[in-house]
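First up is the structure itself, then whatever we jot down about it.
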Amino acid sequence: MPTASYETLLIETRPEIIETWKQYQTIGQRFGDLLGKGRARTAEETKLMHLLGLLIQDYDRRHAMPPDDSTPADRLQFLLEHSGKTSADLLPVFGQRSHVHEALTGKRAISAPQARKLGQLFHVHPGLFL
């Protein structure tokens, strides 16, 4: 059976910068399929696998969380910076600009109800903020 050219594999896979979770899963599945081929993988497939790996790595880097020893304020700042939201988007959670600022700087503790609202806003587990 003739092997597919790199160009054909690119057309079939259509790799692009990953912006959504669905794209991440699709590219991750293709990467996993290629990785699973092991020694049966062609040079062209290996080349594609490396490209997909870079795209996955880029997405992971852009969407990673701060280290485990980070504070709730650090996590909130990180999510705010990487989500495209602004501190104004936090007003419904904290009620006042000064409270938003204090939460972002760690001068104000985040309450459990606020953590639940932040979890919904950022689509993460509320425990990250407690």
Centroid-to-centroid separation of segment 91-130 and segment 45-71 [C-alpha atoms, Å]: 27
For the chain: accessible area per residue (Å², 1.4 Å): 66
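Of the accessible area of the chain, with the probe set at 1.4 angstrom, what percent is carbon plus sulfur?
Details: 4730 of 8530 Å².
Exposed carbon and sulfur together represent 55 percent of the surface.
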Lysine pairs in the chain with Cα atoms under 23 Å, if 8 or more residues apart or on separate chains: 6
Tilt relative to the chain, helix 72-83 - C-alpha long axis, 0 to 90 degrees, to 10: 50
(i) 104; (ii) 116; (iii) 130, with the label sought being that of the calculated volume of the Cα convex hull per residue in Å³: (ii)
Rounded tilt (10° steps) of 21-36 against the dominant C-alpha axis of the chain: 40
The chain: angle of helix 112-122 to the longest principal axis, Cα-based, in degrees nearest 10: 30
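The values are calculated or read from the model by the stated rules, or taken from the named source; none is laboratory data. Being a predicted model, the structure only gives us computed values, none of them experimental. Heavy atoms of the whole protein, side chains included, go into the accessibility calculation; ligands, DNA and RNA do not. Shrake-Rupley method; radii C 1.70, N 1.55, O 1.52, S 1.80 Å.
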